[in-house]
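Step one of this worksheet: look at the structure below.
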Amino acid sequence: MNSFFIFLVLFTFDAVAADSSNVLSVDSTFFIELGIFIFIILFLNKFLFQPLLDLKENRDVETSVRIERAKSMDEQAIEIEKDYKKRISDFKIEIENSSNDKITEAKKQAEDLIRKAKDQSLMEIENARKNLNSELYLKIADISIDDIGKEDSEVAKKIKELVSEIKGKL
């Protein structure tokens, strides 16, 4: 194939070299060279340039498809991330509310227990006072009646009446 091109180049230079006066004239070799040039351009276009252009176009299309897919996946990732962040914040709020509810419930139970214990202790104290007072009054009455029973005066009668009143109140 190389020998053909070399022959073609030598053939064109041989014809032109003999006549240097018509360098710009159009002769038969010009049309042959033009035909060969057009043939080579068409041949290269068909078997070299067109496949390269098709390959580039396919690569561009594939690249744009991949870019679109990447953008879509990025948007999905952002949406999923927002969803997860929202879920996490909802769970945190729910946990805080739950813990706050449990804390308030525990405080109420503690207050109820304290109030009940306080009421019970006050009732026990009051009952103990009543028992002590009634025992004291009974002891005083027994002592007074025994001591007064021996004496027979008006003061003793008055004391007996007061003691009987106290016993009646109890």
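Taking the criterion of being within 16 Å of ILE166 (Cα to Cα), modelled with pLDDT of 80 or more and either of a type in the set (S, T, N, Q) or outside any helix (DSSP H, G or I) (or both), the only residue of the range 108-155 that qualifies is ASN131. Residue pairs whose Cβ atoms lie under 7 Å apart, separated by 6 or more positions or on different chains, with the first residue in the range 33-48 and assigned to a helix (DSSP H, G or I) and the second among the β-branched types (Val, Ile, Thr), are GLU33/THR12.
The values are calculated or read from the model by the stated rules, or taken from the named source; none is laboratory data. Values in this document were obtained by computation on a predicted structure and should not be read as measured data. As a convention, Cβ positions derive from the backbone with ideal geometry for all residues, glycine included, and neighbour counts pool all protein chains shown.
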